[in-house]
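One structure is given here, and the rest of the page talks about it.
The values are calculated or read from the model by the stated rules, or taken from the named source; none is laboratory data. Just so we're clear, the structure is a prediction, and the values are computed from it rather than from any experiment. For neighbour counting, all protein chains shown are included, and Cβ atoms are generated from backbone atoms with ideal geometry for every residue, glycine included. Accessible surface is based on the protein model in full, side chains and every heavy atom, while ligands, DNA and RNA are left aside. Shrake-Rupley method; radii C 1.70, N 1.55, O 1.52, S 1.80 Å.
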Amino acid sequence: MSNTTTTTNIPARAWTGRGLARERWHGYLFLAPTLLFLAAVIVLPLFHAFWTSFQRIRGLNSTFVGFANYVRVLEDEAFWHSLRVSLGFVSISVVAHVVLGLLLALALNKITFARTALRVLFLTPWMVAAAVGATIWLWLLEPQFGVINYILQSAGLISAPVAWLGTPGTAFAAVTTVEIWRGVPFIMLLTLAGLQTIPAEQYEAAEIDGATTWQKFRFITLPNLKYLLVVASTLDIINVVRHYDIIGIMTGGGPAGATEVLPALLYNTAFRANRFGEAAAIGVLLLLMVLIFAAMYLRITRVGQEDDRR
(Lines give C-alpha, C1' and ligand atoms only; values in the text may rest on other atoms or scores of the structure.)
Protein backbone atom coordinates (compact mmCIF):
# COMPACT_ATOMS: atom_id res chain seq x y z
CA MET A 1 0.00 0.00 0.00
CA SER A 2 2.78 2.42 0.94
CA ASN A 3 4.46 1.85 -2.43
CA THR A 4 1.21 2.60 -4.26
CA THR A 5 0.75 5.83 -2.33
CA THR A 6 4.31 6.96 -3.08
CA THR A 7 3.90 6.29 -6.81
CA THR A 8 0.67 8.22 -7.11
CA ASN A 9 2.21 11.27 -5.37
CA ILE A 10 4.89 11.75 -8.10
CA PRO A 11 3.65 14.42 -10.51
CA ALA A 12 3.47 13.25 -14.11
CA ARG A 13 5.85 15.11 -16.44
CA ALA A 14 4.89 15.80 -19.98
CA TRP A 15 7.26 14.30 -22.58
CA THR A 16 9.10 17.13 -24.27
CA GLY A 17 11.36 15.16 -26.58
CA ARG A 18 14.48 16.92 -25.28
CA GLY A 19 16.24 13.61 -24.56
CA LEU A 20 15.63 12.38 -28.08
CA ALA A 21 16.79 15.68 -29.55
CA ARG A 22 19.93 15.55 -27.40
CA GLU A 23 20.69 11.99 -28.57
CA ARG A 24 20.16 13.09 -32.17
CA TRP A 25 22.69 15.89 -31.77
CA HIS A 26 25.13 13.39 -30.27
CA GLY A 27 24.65 11.29 -33.42
CA TYR A 28 25.38 14.31 -35.61
CA LEU A 29 28.57 14.99 -33.65
CA PHE A 30 29.75 11.42 -34.22
CA LEU A 31 29.01 11.77 -37.96
CA ALA A 32 30.62 15.20 -38.25
CA PRO A 33 34.22 14.02 -39.01
CA THR A 34 32.98 11.73 -41.79
CA LEU A 35 30.71 14.42 -43.23
CA LEU A 36 33.54 16.98 -43.16
CA PHE A 37 35.86 14.51 -44.90
CA LEU A 38 33.28 13.76 -47.61
CA ALA A 39 32.67 17.49 -48.07
CA ALA A 40 36.41 18.07 -48.49
CA VAL A 41 36.99 15.28 -51.05
CA ILE A 42 33.65 15.29 -52.93
CA VAL A 43 31.53 18.42 -52.46
CA LEU A 44 34.30 21.04 -52.70
CA PRO A 45 35.94 19.53 -55.84
CA LEU A 46 32.51 19.26 -57.46
CA PHE A 47 31.70 22.86 -56.62
CA HIS A 48 35.11 23.94 -57.93
CA ALA A 49 34.54 22.01 -61.18
CA PHE A 50 31.13 23.65 -61.64
CA TRP A 51 32.62 27.08 -60.95
CA THR A 52 35.55 26.44 -63.33
CA SER A 53 33.12 25.45 -66.10
CA PHE A 54 31.78 29.04 -65.99
CA GLN A 55 35.27 30.56 -66.26
CA ARG A 56 37.60 31.31 -69.12
CA ILE A 57 41.07 30.54 -67.79
CA ARG A 58 44.24 31.76 -69.44
CA GLY A 59 47.27 31.15 -67.29
CA LEU A 60 46.63 32.71 -63.88
CA ASN A 61 43.81 34.92 -65.18
CA SER A 62 40.18 33.83 -65.16
CA THR A 63 37.06 35.55 -66.46
CA PHE A 64 33.44 34.65 -65.77
CA VAL A 65 31.82 33.72 -69.10
CA GLY A 66 28.58 32.05 -67.95
CA PHE A 67 27.49 29.16 -70.18
CA ALA A 68 29.87 30.10 -73.02
CA ASN A 69 32.10 27.08 -72.35
CA TYR A 70 29.09 24.73 -72.59
CA VAL A 71 27.98 26.35 -75.85
CA ARG A 72 31.51 26.07 -77.27
CA VAL A 73 31.78 22.40 -76.25
CA LEU A 74 28.37 21.47 -77.68
CA GLU A 75 29.17 23.25 -80.96
CA ASP A 76 32.52 21.48 -81.26
CA GLU A 77 32.52 18.41 -83.52
CA ALA A 78 35.29 16.89 -81.37
CA PHE A 79 32.82 16.52 -78.48
CA TRP A 80 30.23 14.68 -80.58
CA HIS A 81 32.96 12.52 -82.11
CA SER A 82 34.15 11.58 -78.61
CA LEU A 83 30.57 10.91 -77.56
CA ARG A 84 30.17 8.48 -80.49
CA VAL A 85 33.48 6.80 -79.65
CA SER A 86 32.39 6.55 -76.00
CA LEU A 87 29.04 5.00 -76.93
CA GLY A 88 30.76 2.41 -79.15
CA PHE A 89 33.42 1.67 -76.56
CA VAL A 90 30.90 1.31 -73.72
CA SER A 91 28.36 -0.70 -75.76
CA ILE A 92 30.86 -3.27 -77.05
CA SER A 93 32.62 -3.55 -73.68
CA VAL A 94 29.48 -3.99 -71.57
CA VAL A 95 27.87 -6.53 -73.93
CA ALA A 96 31.10 -8.55 -74.01
CA HIS A 97 31.45 -8.29 -70.22
CA VAL A 98 27.95 -9.66 -69.67
CA VAL A 99 28.11 -12.46 -72.27
CA LEU A 100 31.62 -13.68 -71.40
CA GLY A 101 31.07 -13.17 -67.66
CA LEU A 102 27.88 -15.23 -67.78
CA LEU A 103 29.53 -18.03 -69.76
CA LEU A 104 32.53 -18.15 -67.42
CA ALA A 105 30.27 -18.14 -64.35
CA LEU A 106 28.21 -21.02 -65.76
CA ALA A 107 31.40 -22.99 -66.45
CA LEU A 108 32.90 -22.31 -63.02
CA ASN A 109 29.61 -23.21 -61.33
CA LYS A 110 29.73 -26.66 -62.96
CA ILE A 111 33.43 -27.40 -62.56
CA THR A 112 34.20 -29.54 -59.51
CA PHE A 113 38.02 -29.67 -59.70
CA ALA A 114 40.46 -26.80 -59.01
CA ARG A 115 37.48 -24.50 -58.56
CA THR A 116 39.22 -22.06 -56.19
CA ALA A 117 42.39 -21.88 -58.29
CA LEU A 118 40.38 -21.20 -61.46
CA ARG A 119 38.32 -18.48 -59.75
CA VAL A 120 41.49 -16.72 -58.58
CA LEU A 121 43.01 -17.09 -62.07
CA PHE A 122 39.99 -15.55 -63.81
CA LEU A 123 39.77 -12.76 -61.22
CA THR A 124 43.40 -11.73 -61.71
CA PRO A 125 42.74 -9.14 -64.49
CA TRP A 126 40.22 -7.42 -62.23
CA MET A 127 42.60 -7.42 -59.25
CA VAL A 128 45.42 -5.82 -61.26
CA ALA A 129 45.35 -2.01 -61.33
CA ALA A 130 44.07 -0.67 -64.65
CA ALA A 131 47.27 1.29 -65.24
CA VAL A 132 49.41 -1.81 -64.65
CA GLY A 133 47.24 -3.94 -66.95
CA ALA A 134 47.36 -1.30 -69.69
CA THR A 135 51.15 -1.09 -69.43
CA ILE A 136 51.47 -4.88 -69.73
CA TRP A 137 49.29 -4.87 -72.85
CA LEU A 138 51.30 -1.96 -74.23
CA TRP A 139 54.38 -4.17 -74.10
CA LEU A 140 52.53 -7.18 -75.53
CA LEU A 141 51.29 -5.13 -78.49
CA GLU A 142 54.62 -3.40 -79.20
CA PRO A 143 55.17 -3.65 -83.02
CA GLN A 144 58.83 -4.79 -83.05
CA PHE A 145 59.34 -6.73 -79.84
CA GLY A 146 55.77 -7.49 -78.67
CA VAL A 147 54.72 -11.07 -77.92
CA ILE A 148 51.44 -10.76 -79.87
CA ASN A 149 53.16 -10.06 -83.18
CA TYR A 150 55.71 -12.83 -82.52
CA ILE A 151 52.97 -15.42 -81.86
CA LEU A 152 50.89 -14.38 -84.87
CA GLN A 153 53.94 -14.39 -87.17
CA SER A 154 55.02 -17.79 -85.85
CA ALA A 155 51.53 -19.14 -86.53
CA GLY A 156 51.59 -17.69 -90.05
CA LEU A 157 48.58 -15.44 -89.43
CA ILE A 158 50.46 -12.24 -90.30
CA SER A 159 53.45 -11.74 -92.61
CA ALA A 160 54.85 -8.57 -91.02
CA PRO A 161 54.63 -6.87 -87.61
CA VAL A 162 51.41 -4.93 -87.10
CA ALA A 163 51.32 -1.53 -85.40
CA TRP A 164 48.23 -2.36 -83.37
CA LEU A 165 48.02 1.04 -81.74
CA GLY A 166 49.13 2.97 -84.83
CA THR A 167 46.00 2.76 -87.00
CA PRO A 168 42.47 3.84 -85.99
CA GLY A 169 40.71 0.49 -86.48
CA THR A 170 43.23 -1.72 -84.72
CA ALA A 171 43.80 0.83 -81.94
CA PHE A 172 40.09 0.93 -81.08
CA ALA A 173 39.91 -2.87 -81.22
CA ALA A 174 43.00 -3.15 -78.99
CA VAL A 175 41.81 -0.82 -76.21
CA THR A 176 38.33 -2.39 -76.31
CA THR A 177 39.86 -5.87 -76.00
CA VAL A 178 41.91 -4.77 -72.99
CA GLU A 179 38.81 -3.24 -71.38
CA ILE A 180 36.90 -6.50 -71.98
CA TRP A 181 39.82 -8.51 -70.53
CA ARG A 182 39.77 -6.38 -67.41
CA GLY A 183 35.99 -6.04 -66.91
CA VAL A 184 34.77 -9.62 -67.46
CA PRO A 185 35.77 -10.86 -63.95
CA PHE A 186 33.48 -8.27 -62.27
CA ILE A 187 30.39 -9.58 -64.07
CA MET A 188 31.58 -13.19 -63.65
CA LEU A 189 31.90 -12.73 -59.88
CA LEU A 190 28.40 -11.24 -59.51
CA THR A 191 26.83 -13.85 -61.79
CA LEU A 192 28.57 -16.72 -60.01
CA ALA A 193 27.19 -15.47 -56.69
CA GLY A 194 23.72 -15.28 -58.26
CA LEU A 195 23.96 -18.82 -59.65
CA GLN A 196 24.66 -20.22 -56.21
CA THR A 197 21.43 -18.72 -54.84
CA ILE A 198 19.19 -20.60 -57.31
CA PRO A 199 17.47 -23.46 -55.44
CA ALA A 200 18.67 -26.88 -56.63
CA GLU A 201 15.07 -28.16 -56.36
CA GLN A 202 14.15 -26.19 -59.47
CA TYR A 203 16.75 -28.01 -61.56
CA GLU A 204 15.78 -31.39 -60.01
CA ALA A 205 12.12 -30.82 -60.88
CA ALA A 206 13.10 -29.83 -64.44
CA GLU A 207 15.20 -32.98 -64.83
CA ILE A 208 12.25 -35.12 -63.69
CA ASP A 209 10.15 -33.40 -66.37
CA GLY A 210 12.81 -34.23 -68.97
CA ALA A 211 14.03 -30.65 -69.59
CA THR A 212 17.13 -30.23 -71.74
CA THR A 213 20.17 -28.18 -70.74
CA TRP A 214 19.03 -25.26 -72.90
CA GLN A 215 15.49 -25.39 -71.42
CA LYS A 216 16.87 -25.35 -67.87
CA PHE A 217 19.01 -22.32 -68.79
CA ARG A 218 16.13 -20.59 -70.60
CA PHE A 219 13.38 -21.15 -68.03
CA ILE A 220 15.29 -21.44 -64.71
CA THR A 221 18.75 -19.87 -64.82
CA LEU A 222 18.00 -16.81 -66.93
CA PRO A 223 14.79 -15.74 -65.07
CA ASN A 224 16.57 -16.10 -61.72
CA LEU A 225 19.53 -14.02 -62.95
CA LYS A 226 17.51 -11.41 -64.85
CA TYR A 227 17.44 -8.80 -62.07
CA LEU A 228 21.10 -9.37 -61.17
CA LEU A 229 22.24 -9.05 -64.80
CA VAL A 230 20.35 -5.77 -65.24
CA VAL A 231 21.90 -4.34 -62.07
CA ALA A 232 25.38 -5.61 -63.02
CA SER A 233 25.07 -4.15 -66.54
CA THR A 234 24.03 -0.76 -65.16
CA LEU A 235 26.93 -0.70 -62.70
CA ASP A 236 29.28 -1.77 -65.49
CA ILE A 237 28.08 1.07 -67.74
CA ILE A 238 28.72 3.58 -64.94
CA ASN A 239 32.18 2.10 -64.46
CA VAL A 240 33.22 1.92 -68.12
CA VAL A 241 31.86 5.31 -69.26
CA ARG A 242 34.25 7.15 -66.93
CA HIS A 243 37.33 5.01 -67.65
CA TYR A 244 40.48 6.84 -68.66
CA ASP A 245 43.39 4.72 -67.43
CA ILE A 246 43.56 2.13 -70.22
CA ILE A 247 43.09 4.56 -73.12
CA GLY A 248 45.22 7.24 -71.51
CA ILE A 249 48.20 4.88 -71.21
CA MET A 250 47.81 2.92 -74.45
CA THR A 251 46.83 5.59 -77.00
CA GLY A 252 46.13 8.90 -75.25
CA GLY A 253 43.00 9.14 -77.42
CA GLY A 254 44.77 8.63 -80.77
CA PRO A 255 45.46 7.88 -83.48
CA ALA A 256 43.39 10.62 -85.16
CA GLY A 257 40.93 10.58 -82.25
CA ALA A 258 39.91 6.97 -82.90
CA THR A 259 40.01 6.10 -79.18
CA GLU A 260 39.29 9.54 -77.74
CA VAL A 261 36.42 8.77 -75.38
CA LEU A 262 34.99 11.62 -73.30
CA PRO A 263 37.39 11.21 -70.33
CA ALA A 264 40.32 11.28 -72.79
CA LEU A 265 38.89 14.39 -74.47
CA LEU A 266 38.55 16.01 -71.04
CA TYR A 267 42.19 15.27 -70.19
CA ASN A 268 43.50 16.41 -73.56
CA THR A 269 41.44 19.62 -73.43
CA ALA A 270 42.65 20.48 -69.94
CA PHE A 271 46.29 19.42 -69.89
CA ARG A 272 47.34 19.49 -73.56
CA ALA A 273 45.26 22.39 -74.87
CA ASN A 274 45.22 24.28 -71.52
CA ARG A 275 41.49 25.04 -71.86
CA PHE A 276 40.44 24.28 -68.29
CA GLY A 277 37.04 25.96 -68.51
CA GLU A 278 35.94 23.85 -71.48
CA ALA A 279 37.43 20.75 -69.87
CA ALA A 280 35.38 21.42 -66.73
CA ALA A 281 32.26 21.80 -68.89
CA ILE A 282 33.00 18.41 -70.51
CA GLY A 283 33.42 16.96 -67.02
CA VAL A 284 30.05 18.32 -65.92
CA LEU A 285 28.36 16.87 -69.03
CA LEU A 286 30.05 13.52 -68.36
CA LEU A 287 28.86 13.68 -64.76
CA LEU A 288 25.28 14.22 -65.98
CA MET A 289 25.56 11.08 -68.12
CA VAL A 290 26.81 9.06 -65.14
CA LEU A 291 24.01 10.47 -62.95
CA ILE A 292 21.41 9.34 -65.50
CA PHE A 293 22.73 5.77 -65.32
CA ALA A 294 22.96 6.03 -61.51
CA ALA A 295 19.30 7.07 -61.40
CA MET A 296 18.46 4.06 -63.58
CA TYR A 297 20.38 1.83 -61.16
CA LEU A 298 18.49 3.24 -58.14
CA ARG A 299 15.19 2.82 -59.97
CA ILE A 300 15.97 -0.81 -60.84
CA THR A 301 17.08 -1.70 -57.30
CA ARG A 302 13.98 -0.01 -55.82
CA VAL A 303 11.69 -2.02 -58.10
CA GLY A 304 13.59 -5.18 -57.11
CA GLN A 305 13.16 -4.43 -53.41
CA GLU A 306 9.43 -3.79 -53.89
CA ASP A 307 9.13 -7.13 -55.73
CA ASP A 308 10.92 -8.90 -52.86
CA ARG A 309 8.45 -7.49 -50.31
CA ARG A 310 5.44 -8.82 -52.25
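Can you tell me which residue among Ile57, Ile42, Ile92 is farther than 30 Å from Leu195 by Cα and within 24 Å of the chain's Cα centre (by Cα)? Unique residue meeting the criteria: Ile42. For segment 75-176, the helices (runs of 4 or more DSSP H) that sit wholly inside it and include 3 or more residues that are in contact (Cβ under 8 Å) with a residue 12 or more places away in the chain are 77-110, 115-127, 130-140. Residues of segment 237-262 that are in contact with a Gly (Cβ under 8 Å, 6 or more places away or on another chain) and part of a helix (DSSP H, G or I): Asn239, Val240, Ile246, Ile247. Reported count of residues in segment 247-263, each being open to solvent by 10 Å² or more (accessible area, probe 1.4 Å) and of a type in the set (A, V, I, L, M, F, W, C), is 4. None of Leu229, Leu266, Leu285 is under 14 Å from Val73 (Cα atoms) and either surrounded by fewer than 19 Cβ atoms within 10 Å (Cβ to Cβ) or modelled with pLDDT under 90 (or both) except Leu285.
Within segment 234-281, the set of residues being closer than 18 Å to Ala49 by Cβ and not hydrophobic (A, V, I, L, M, F, W, C) comprises Arg242, Tyr244, Pro263, Tyr267, Asn268, Thr269, Asn274, Arg275, Gly277, Glu278. Residue pairs, Cβ under 6 Å, 6 or more apart or interchain, first in segment 255-274 and without any contact (Cβ under 8 Å) to a residue 24 or more places away in the chain, second open to solvent by less than 20 Å² (accessible area, probe 1.4 Å) and part of a loop (DSSP other than H, G, I, E, B). List them. Pairs that qualify, where the first residue is without any contact (Cβ under 8 Å) to a residue 24 or more places away in the chain and the partner is open to solvent by less than 20 Å² (accessible area, probe 1.4 Å) and part of a loop (DSSP other than H, G, I, E, B), are Asn268/Gly253.
Filter segment 174-199 for residues that are of a type in the set (Gly, Ala, Ser) and open to solvent by less than 50 Å² (accessible area, probe 1.4 Å) and give the result. Steps first, answer last, please.
To start, the set of residues in segment 174-199 that are of a type in the set (Gly, Ala, Ser) comprises 174, 183, 193-194.
Result: Ala174, Gly183, Gly194.
Could you go through segment 207-221 and let me know if any residue there is part of a helix (DSSP H, G or I), open to solvent by less than 30 Å² (accessible area, probe 1.4 Å), out of contact with any helix residue (DSSP H, G or I) (no Cβ under 6 Å at 6 or more places or on another chain) and in contact (Cβ under 8 Å) with a residue 24 or more places away in the chain. The answer is yes, given that some residue of segment 207-221 is part of a helix (DSSP H, G or I), open to solvent by less than 30 Å² (accessible area, probe 1.4 Å), out of contact with any helix residue (DSSP H, G or I) (no Cβ under 6 Å at 6 or more places or on another chain) and in contact (Cβ under 8 Å) with a residue 24 or more places away in the chain. The conditions of being in contact with a Gly (Cβ under 7 Å, 6 or more places away or on another chain) and open to solvent by 70 Å² or more (accessible area, probe 1.4 Å) are met by Arg56.
Restricted to segment 110-139, and to residues there that are crowded, with 17+ Cβ neighbours inside 10 Å and farther than 13 Å from Pro185 by Cβ, the residue that is farthest from the chain's Cα centre (by Cα) is Leu138.
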